[in-house]
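Okay, so here's the structure we're looking at.
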Amino acid sequence: MNGEGIYLADYLGEILRLQDAQTNLNLQSTQAEQEQMVLTDMINQLLLAQAAAKAGYAITQTEFDTYVAD
């Protein structure tokens with residue numbers, strides 16, 4: 001997207017996370033549905049991050065660390 005890509009390893013990792021979550025929640029979907037959900041979500045996240053960066057939104061590492069710790 002706009003010169004940035006989605007790495008296959010990240011995509012496959014998200015597929016596994018979704019499958020684990022669905023198992024834990026007793027939910028089911030087909031492999032094709034899972035792949036589409038993950039790809040759509042990853043594209044949306046990338047586009048949102050690009051738009052935020054273009055608009056000048058950024059946080060420091062310290063701000064990020066504080067947010068994650070809370």
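The values are calculated or read from the model by the stated rules, or taken from the named source; none is laboratory data. Computed from a predicted model, the values in this text were never measured in an experiment. Cβ sites come from the backbone with ideal geometry, for glycine too, and all protein chains shown count toward neighbours. Just the protein is used for accessible areas: all its heavy atoms, side chains included, with ligands, DNA and RNA removed. Shrake-Rupley method; radii C 1.70, N 1.55, O 1.52, S 1.80 Å.
Per-structure values
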{"item": "Student exercise, the chain dipole from Lys, Arg, Asp, Glu Cβ charges, in Debye to nearest 20", "result": "160"}
{"item": "Fluctuation leader among Thr60, Thr40, Thr30 - the chain, Gaussian network, Cα springs under 10 angstrom", "result": "Thr60"}
{"item": "In Å², nearest 10: area of Asp41 left accessible to a 1.4 Å probe", "result": "70"}
{"item": "Residue with peak Gaussian network fluctuation, the chain [Cα springs, cutoff 10 Å], from Ile43, Ile59, Ile15", "result": "Ile59"}
{"item": "Protein-only accessible surface order, largest first, of Glu35, Glu4 at 1.4 Å", "result": "Glu4, Glu35"}
{"item": "Selection from Leu16, Asn44, Gln28, by position along the positive dipole direction of the chain (Cβ)", "result": "Asn44"}
{"item": "Apportionment of accessible area to carbon and sulfur, the chain, percent (1.4 Å)", "result": "57"}
{"item": "Net charge, Ile6 excluded, C-beta distance under 11 Å - Lys, Arg +1, Asp, Glu -1", "result": "-4"}
{"item": "Span-like helix ranges in the chain, DSSP H, alpha carbon extent 20 angstrom or more, Kyte mean at least -1.0", "result": "8-24, 31-54"}
{"item": "Local net charge near Met42, Cβ-Cβ under 12 Å (Lys/Arg +1, Asp/Glu -1)", "result": "-4"}
{"item": "Computed over the chain, Cα set: Rg, Dmax in Å", "result": "15.2, 41"}
{"item": "Sequence of Leu16, Leu39 from largest to smallest accessible area, 1.4 Å probe", "result": "Leu16, Leu39"}
